[in-house]
Amino acid sequence: MWAYDSWGRPSHIIRAVTRQTEPEWDAGSRLIAEGLAEYDAGVCPDCGLHHSILDNPDEWPPIKLEDTVCQVGAAIARHTRALAARDRDWETQHPEPARDQPLKVHLDAARRKHPGDGRRTRLRFMGADEIQKATQKPPTKEG
């Protein structure tokens, strides 16, 4: 189709294409998502039960509390305590300057490298060679 300007000359080509795309969410799935969000907002972060159950103790499900130990969490806690002990030991060996010292002394102490600077604890899975080294028994002295 040609469009004409006021002088009757073709000015440009006009072509209209209409495409209808399916919406990402229909009304039913939108309602389900809104209902789930509303339900999740009422769930206790500690026990995972909804407040409608928690408000009525007569309706509580039979619950048995059990203590479990996460071995990875326990190892991280031990590691963190050991690092904190090393940091305390370092701080006793490198005491902070007294309050009456000049500012330069305090700035120098603040610039001193501390063993905890930039430290992050992360979890990494060991490779096969590391597992083999960790599980090997040290040689015993026979004699």
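Each value in this text was obtained by applying a stated rule to the coordinates, not by laboratory testing. What you are looking at is a predicted structure, and each value in this text was computed from that prediction instead of being measured. Neighbour counts are summed over all protein chains in view; Cβ atoms, including those assigned to glycine, are modelled from backbone coordinates with ideal geometry.
Estimated at 0.36 nm per residue, the fully extended path between Trp25 and Ala75 surpasses their Cα-Cα distance by 13.5 nm.
Here the calculated FRET efficiency for Glu130 and Leu83, from their Cβ-Cβ distance with R0 = 30 Å, stands at 0.90, rounded to the nearest 0.05. One chain, two ends: Lys104 and Thr92. Fully extended at 0.36 nm per residue, the span grows by 2.2 nm beyond their Cα-Cα distance. Prolate is the label for the range 41-90, because a/c, from the alpha-carbon gyration tensor with a ≥ b ≥ c as root eigenvalues, is 1.5 or above and a/b exceeds b/c. Placing +1 on the Cβ of every Lys and Arg and -1 on the Cβ of every Asp and Glu, with nothing else charged, gives the range 32-92 a dipole about its Cα centre of roughly 600 debye.
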